[in-house]
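The values are calculated or read from the model by the stated rules, or taken from the named source; none is laboratory data. Values in this document were obtained by computation on a predicted structure and should not be read as measured data. Every residue, glycine among them, receives a Cβ derived from its backbone with ideal geometry; neighbour counts consider all protein chains shown. We work out accessible area using only protein heavy atoms, side chains counted, and drop any ligands, DNA or RNA first. Shrake-Rupley method; radii C 1.70, N 1.55, O 1.52, S 1.80 Å.
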Amino acid sequence: MRHPRPNSSARLLAGLSAVLAGMVLPTASAQEWRPPNVVIVFTDDQGYGDLSCQGHPTLHTPHLDALATRGVKLTQFYVAAPLCSPSRAALLTGCYPKRVGMHRHVVFPGDDRGLAPSEVTLAEVLRARGYATACFGKWHLGHRRGLLPTDQGFDEFFGVPYSNDMAQQHRRPDNDYPFRLPLLHGTEVVEWEPDQRLLTRRYTDAAIAFIEAHHDRPFFVYLPHSMPHIPIYASDEFAGRSPRGLYGDVIEEIDANVGRLVATLDRLGVRDDTLLIFTSDNGPWLQFGENGGSAGPLRGGKGTNWEGGQREPAIASWPGTLPEGAVCREVVTSMDLLPTIAAWAGAALDPERTIDGHDVRALLRCEPGAQSPTDAFLYYASRGELAGIRRGAWKLLLEPGELYHLEHDIGEQRDVAARHPELCAELRALALERDAAITAAARPEAHVEELVFDPRK
Ligand code: MG
């Protein structure tokens, strides 16, 4: 071993006494605790139903299923927006997109806007704690000077600055789409219009190389895949394999590459020191038919505030620390990851900076009786307008005023607003009050003139 592992005898003793006390998990003092490595695999537009361990009848995802077997599957995991840029802003800041000014749809290649450099990202939190940090994949939080991953706490970046449909590759030669897709290393364009069939593997290759180079200290790898956002591509090795069609090939390639990542952690002896989280930025893009995914039993998909737009497949695995083969049925949101990971890393958050996420370590440890600290979850539409609220099992969509009981009616088929007018009024008032508080304290997005590259073709 090239680095100290957590004091295993202390962990065993603590674990034993915790078990004797009827508790679940060991706790160790900060001195004994090596901050865990963190790997977040964040796919793009994958649906709630798009894993075999989520019930898909034909998709074959053995590596992700194994991750769930060696970890915790979260069945009520929400992202903070039903589309890319706002969802990513929320994941990396622990805030509703509106709080950080990133709630208005996505960043386009010609846009001058992005996540403000003054925001504190998860990468910055962990880097300050001594982590090596890297982002491999799709950024989509601004691409002008000062807005790229290496400006937001990541030591290294290899990937694309925005979505893979903001590109020439899948268009006819006579198309009039004005922009092209660069592949960046840091802030340098290393290729234009990279072969999208190879992106899943190349991002993973970069992540593996980074882990190999930095596993003697804590590391944070953020791996936001471009796939399965349309246009979808699989490499020759995977194309034509899945009965689910090309979309299935793409998911199976992602799955195999998660397997390569896990094998790397095993090979380097750091698996038990690594919290690995898998989820997606928003629901499936249903308008693309067979090239879009499936939200399983949920209604709607990307761009909508039905559950299918914002509830995602999610797995957290950290052998020896989190239970294995467990299921967390409480509400957890992508905004919870920053404060939760910060707590595990022993990183202090600025108490003056309001965030919306909560420390959900107790939920991920599946402690008996642990309840979601999210007492109410706000839904925002694609253009950033307040759209609804969930409190407990009840979900109110503000326009036109539909009420669903998500435990009794997971598919949002039976609007019961007419039977509960007082509850509707109460939830509406709460949603407006919470949104007004966020709006009043919202911090602006950044606008930057200087280009890093010229995205025009
Ligand atoms: Mg997306």
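Details
- Charge dipole of the chain (Cα centre as origin; +1 on each Lys and Arg Cβ, -1 on each Asp and Glu Cβ, all else neutral): 520 debye, rounded to the nearest 20.
- Å² per residue, accessible surface of the stretch 32-364 at 1.4 Å: 29 Å²
- Computed with a 1.4 Å probe over protein heavy atoms only, the accessible surface of the stretch 377-446 comes to 50 Å² per residue.
- Helices in the chain, meaning DSSP H runs of at least 4 residues, each add -39500 (n - 2.57). Divided by all residues, the mean residue ellipticity at 222 nm is -7500 deg cm²/dmol.
- Inter-label distance for ASP176 and GLU367, nm, one decimal - labels placed 7 Å from Cα along Cα-to-Cβ: 6.0 nm
- Each part reduced to its alpha carbon centroid, the stretch 65-94 and the stretch 416-457 end up 19 Å apart.
- Take the Cα of LEU423, step 7 Å toward its Cβ, do the same at HIS185, and the gap between the two points is 5.7 nm.
- The stretch 377-446, dipole about Cα centre (Lys/Arg Cβ +1, Asp/Glu Cβ -1), debye to the nearest 20: 140 debye
- Using a cutoff of 8 angstrom between alpha carbon atoms and counting only pairs six or more residues apart, the relative contact order for the chain works out to 25 percent.
- The stretch 377-446 - percent of accessible surface contributed by carbon and sulfur, probe 1.4 Å: 55 percent
- The packing ranking, built from the mean of other Cβ atoms within 10 Å per residue, places the peptides 108-121, 189-202 in the order 108-121, 189-202, highest first.
- If R0 is 22 Å, the Cβ-Cβ spacing of GLU290 and ARG414 corresponds to a FRET efficiency of close to 0.15.
- Evaluating kT/(6 pi eta Rh) at 10 °C and 1.306 mPa s, with the Kirkwood radius of the chain over Cα pairs in the Stokes-Einstein relation, gives 71 µm² s⁻¹.
- Protection-proxy order for peptides 325-337, 441-453, 88-100, each taking the mean of Cβ atoms within 10 Å per residue, highest first: 88-100, 325-337, 441-453
- Cα-centre dipole for the stretch 325-402 with unit charges at Cβ (Lys and Arg positive, Asp and Glu negative), debye to 20: 220 debye
- The Cα center of the stretch 192-219 and the Cα center of the stretch 221-262 differ in position by 15 Å.
- Ordering of 222-235, 147-160, 254-267, 399-412 by packing [mean C-beta count within 10 Å, highest first]: 222-235, 147-160, 254-267, 399-412
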